[in-house]
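Student: Have a look at the structure that comes next, please.
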Amino acid sequence: MRKLTLLLALLAAAIAISCSAAAAGGAIRTQLTRADAGRGLTRRQLLRRMARRSKARAARLLSASASSSSSPASATAVPGKGQVAEAEYLISFGIGTPPQPVQPTLDTGSDLVWTQCQPCPSCYAQSLPYYDPRLSATSAYLPCVSPACRQLDLSSCGALDWGNGTCVYTYYYGDRSSTNGLLETDTFTFDSGDDAAAAVPGLAFGCGWFNNNGAASSNATGTGVAGFGRGALSLPSQLKVDNFSYCFTDVTGSTPSPVLLGLPANLYGVADTVQTTPLIQSPGAVPTFYYLSLRSITVGSTRLPVPESAFALARNGSGGTIIDSGTAVTMLPPLVYGLLHDAFVAQVDLPVTNDEPLCFAVSGKKKKHEVPKLSFHFEGATLDLPRENYVFEIEDAGQNNMCVAALSSGGGMTIIGNYQQQNLHVLYDLADNKLSFVPAHCDKV
């Protein structure tokens, strides 16, 4: 009977993988919620949290890049009491029949989709109930001989307690956090919010219930992680969509942000403001990441005296520039950050109150002060940032400050953060290896 159960699970997974995009019936739409939304935080608190999370995130991504391994999960980490980095955006969907709500972190820097599951002897607290496979009519464990299990860097065959031959996974992140559990398949249901829902059967995910080393706050981490990277186990890959997009609303507000998977080729129509740049890869690079070809940065009228090699992806996989959903503010190599810092100081006639992030004191009743324009020049595209996408205004104890939303990454990688992506509709074209972006009213996308 056990062999028959495993065989049926294999067949179900194979059928689902081959036709998951068709089952979705076209584009899938769901919503993102900012992890800090509704928490009553001041702007100063928001900036501090964004800076702390970005530093932790950069350390994880740099660790993955430095390892030059096949995926960020196998970065040079060892088992330990790490923490899953706090979330930026949580994606909402349901798992099971009937659907059980989950809210994992949207992560373009990893591949595995996982959520905390019952029974859960070693889970962090979350506001939603833990997913319970026993309550789903469509839940099935995947055997260790399944293609999905073989995509994992660390997996083993379960003992009798879990079902002989069941895929047991361990997934490490570069910040030493991890999840451990059983690899399963179930139906994912995406609710677009307009009385329409797309149900996709047989998607593989980690049922994390042995040992999830995560932050204790559900508002910080959600129920797990939804990998949106380029690997075979990521949600876009399993849905077999040619593209996906998101549009981040104002990070200081509470309006949900849309995420869409599988879009029409003419998404932007004939908009003349669309910018497009290649997604690049290198044999030695982490295949999960979305690398871009950044050429230079301009502050006001000053192009930073940085060679293109400072942003380039090396053949051994080190360095490079990535666009990332999970990093709040843009992270720059120390030399580049120093030059950007100095360029702003030279062009802004205000006292400096902090060096990282760079902040200026705005005196008098004038709450806003002119700042030089900030532009990122990519291959074939230029991202001219509006003020609200790189300046963070703070009023604290009667003192007005304006801060530049950028930090030193502490290494050779450049990371384009989500603060710089506000009110941009960003499209990842997976079929043609391109990234496009256009200014948008994200609450109307």
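Student: Would you point out the residue of the range 245-264, among those that are open to solvent by less than 30 Å² (accessible area, probe 1.4 Å) and of a type in the set (S, T, N, Q), that is farthest from Gly229 (Cα to Cα)?
Tutor: Thr249
Student: What pairs can you find where one residue is in the range 260-278 and on the phi > 0 side of the Ramachandran plot and at pLDDT below 75, the other is hydroxyl-bearing (Ser, Thr, Tyr) and surrounded by fewer than 10 Cβ atoms within 10 Å (Cβ to Cβ), and their Cβ atoms are less than 8 Å apart, with a gap of 6+ or different chains?
Tutor: Sorted first by the residue in the range 260-278, then by its partner, the list stays empty.
Student: Separate question: How about the range 367-382: which of its residues are hydrophobic (A, V, I, L, M, F, W, C) and either open to solvent by less than 10 Å² (accessible area, probe 1.4 Å) or out of contact with any Leu (no Cβ under 8 Å at 6 or more places or on another chain) (or both)?
Tutor: Applying the first criterion (hydrophobic (A, V, I, L, M, F, W, C)) to the range 367-382 yields 371, 374, 376, 378, 381.
Of everything in the range 367-382, those that are hydrophobic (A, V, I, L, M, F, W, C) and either open to solvent by less than 10 Å² (accessible area, probe 1.4 Å) or out of contact with any Leu (no Cβ under 8 Å at 6 or more places or on another chain) (or both) turn out to be Val371, Leu374, Phe376, Ala381.
Student: Residues of the range 394-415 being over 19 Å from Met331 (Cα atoms) and either modelled with pLDDT of 95 or more or among the charged types (D, E, K, R) (or both), which ones?
Tutor: Correct list: Glu395, Asp396.
Student: Now, a different point. Does any residue of the range 217-224 turn out to be within 21 Å of Gly417 (Cα to Cα), crowded, with 24+ Cβ neighbours inside 10 Å, at pLDDT 90 or above and in contact with a helix residue (DSSP H, G or I) (Cβ under 8 Å, 6 or more places away or on another chain)?
Tutor: To start, the set of residues in the range 217-224 that are within 21 Å of Gly417 (Cα to Cα) comprises 219-222, 224.
Remaining after also requiring crowded, with 24+ Cβ neighbours inside 10 Å: 221-222, 224.
Then drop every residue that is not at pLDDT 90 or above, which leaves 224.
Imposing the further condition that a residue be in contact with a helix residue (DSSP H, G or I) (Cβ under 8 Å, 6 or more places away or on another chain) reduces the set to none.
Checked the range 217-224: no residue is within 21 Å of Gly417 (Cα to Cα), crowded, with 24+ Cβ neighbours inside 10 Å, at pLDDT 90 or above and in contact with a helix residue (DSSP H, G or I) (Cβ under 8 Å, 6 or more places away or on another chain).
Student: Consider only pairs whose beta carbons are under 9 Å apart and that are at least six residues apart or on different chains; among these, list those whose first residue lies in the range 118-133 and is touching a residue at least 40 places away in the same chain (Cβ under 8 Å) and whose second residue is open to solvent by 30 Å² or more (accessible area, probe 1.4 Å) and basic (Lys, Arg).
Tutor: Gln118/Arg134
Student: Hey, another quick one. For the range 352-432, which strands (runs of 3 or more DSSP E) that fit wholly inside it have 1 or more residues that are in contact with a Ser or Thr (Cβ under 9 Å, 6 or more places away or on another chain)? Walk me through how you get there before you give the answer.
Tutor: Details: elements: 352-355, 358-362, 374-378, 381-385, 391-396, 399-404, 406-408, 414-416, 424-429.
Answer list for the range 352-432: 358-362, 374-378, 381-385, 391-396, 399-404, 406-408, 414-416, 424-429.
Student: Would you call Pro357 of a type outside the set (A, V, I, L, M), closer than 25 Å to Arg48 by Cβ and surrounded by fewer than 18 Cβ atoms within 10 Å (Cβ to Cβ)?
Tutor: Values: of a type outside the set (A, V, I, L, M): yes; closer than 25 Å to Arg48 by Cβ: yes; surrounded by fewer than 18 Cβ atoms within 10 Å (Cβ to Cβ): no.
So Pro357 fails the test.
Student: Output the residues belonging to the range 417-435 that are polar (S, T, N, Q), closer than 16 Å to Ala405 by Cα and out of contact with any Cys (no Cβ under 9 Å at 6 or more places or on another chain). Before you say what the answer is, go through the steps one by one.
Tutor: Filtering the range 417-435 for residues polar (S, T, N, Q) gives 418, 420-423, 433.
Still in the running and closer than 16 Å to Ala405 by Cα: 418, 420-423.
The answer is Asn418, Gln420.
Student: Provide a single number: the residues in the range 91-117 that are open to solvent by 10 Å² or more (accessible area, probe 1.4 Å) and assigned to a strand (DSSP E or B).
Tutor: First, the residues of the range 91-117 that are open to solvent by 10 Å² or more (accessible area, probe 1.4 Å): 92-93, 97-101, 103, 105, 111.
Cutting the leftovers down to assigned to a strand (DSSP E or B) gives us 93, 100-101, 105.
Of the residues in the range 91-117, 4 are open to solvent by 10 Å² or more (accessible area, probe 1.4 Å) and assigned to a strand (DSSP E or B).
Student: Do we have Asp194 as of a type outside the set (A, V, I, L, M, F, W, C), surrounded by 19 or more Cβ atoms within 10 Å (Cβ to Cβ) and modelled with pLDDT under 85 here?
Tutor: No.
The values are calculated or read from the model by the stated rules, or taken from the named source; none is laboratory data. Bear in mind that the values here come from a model prediction, so they are computed numbers and not experimental data. Cβ coordinates were reconstructed from backbone atoms using ideal geometry, including for glycine residues, and neighbour counts include every protein chain displayed. To get the accessible areas, we keep the full protein, side chains included, count just its heavy atoms, and leave off ligands, DNA and RNA. Shrake-Rupley method; radii C 1.70, N 1.55, O 1.52, S 1.80 Å.
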